[in-house]
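Computed from the coordinates by the stated procedures, all read-outs in this text should not be read as laboratory data. Please read all numbers here as calculations on a predicted model, not as lab measurements. FYI the Cβ positions are ideal-geometry reconstructions off the backbone, even for glycines, and counts take in every protein chain you see.
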Amino acid sequence: MKLVCLDVEGVLVPEIWINVAEKTGIEELKLTTRDISDYDVLMKKRLGILDEHNIKLKDIQDVIGTMEPLEGAKDFLDTLRSLIQVILLSDTFTQFAKPLMEKLDRPTLFCNTLVIDENNRIADYTLRQQDGKRKAVAAFQSIGYTVIAAGDSYNDATMLRTADTGIFFRAPDNIKAEFSEFHFVEDHGELLDEIKKLI
């Protein structure tokens, strides 16, 4: 029995924080897990920037509401789901993901959650569990699944290493150099072809 696990941002949808940065003009919000490998360091930096600029959850949700899946992502996911079971594993948050998941026909998503205070301020975040993507893959393997995983960033590396096959999608050059043992693909057609070979 086989299962595909996919990262979300950078694979199926654009990077949410980059879109927020572009709408607000705050360059520092463009930093992602492609730039800072320690997710806690990155998120604390983001929360500090939001407080400094008085950006609330609703401001971010308004930006997300204007976003669309990456070109070709929905067709890719629809085709893939017709061939094999697919689980999305993401470091995003339930409060961010909902409108984008609706545009992808509500695939199964495991992600994190934000702590929102009475003023609609993002006060903190709660991880589903530490290193959740890797642990989810290991859990699927423990119940008999062979797992194929794809992601694009540092925070996907442990998931890809744990999977039976790991594939980097549109990874930047620094990740290609550091993780040369993985498969690398540049578009959804290539990714679908790689997965089809494995299933």
With eigenvalues of the C-alpha gyration tensor scaled by 5 and rooted, the range 17-64, Å:
17, 12, 9
Exposure-ranked with fewest Cβ neighbours within 10 Å first, MET67, MET159 stand as MET67, MET159
Rounded to 10°, Cα long-axis angle of helix 73-83 versus longest principal axis of the chain:
40
So what's the Cα pair-distance distribution over the chain, bin width 10 Å, in %?
8, 36, 37, 15, 3, 0
Tilt, helix 188-198 to longest principal axis of the chain (alpha-carbon atoms), in degrees rounded to tens, equals 40
As a test of the definition: which semi-axes, in Å, follow for the range 1-86 when you take the square root of five times each eigenvalue of its alpha carbon gyration tensor? Largest first, please.
29, 16, 10
Using only Cα atoms and rounding to the nearest 10 degrees, what angle (0 to 90) does helix 132-142 make with the longest principal axis of the chain?
30
Normalized C-alpha radius of gyration of the range 86-141, against 2.2 N^0.38 Å?
1.26
Segments 173-179, 163-169 sorted - mean Cβ within 10 Å per residue, highest first
163-169, 173-179
Only helices counted: for the chain, with every DSSP H run of 4 or more residues adding -39500 (n - 2.57) and the sum spread over all residues, [θ] at 222 nm is -12500 deg cm²/dmol
Rounded, prolate or oblate: which fits the range 154-199, taking a ≥ b ≥ c as square roots of the Cα gyration tensor eigenvalues, rounded meaning a/c under 1.5, else prolate when a/b beats b/c?
oblate
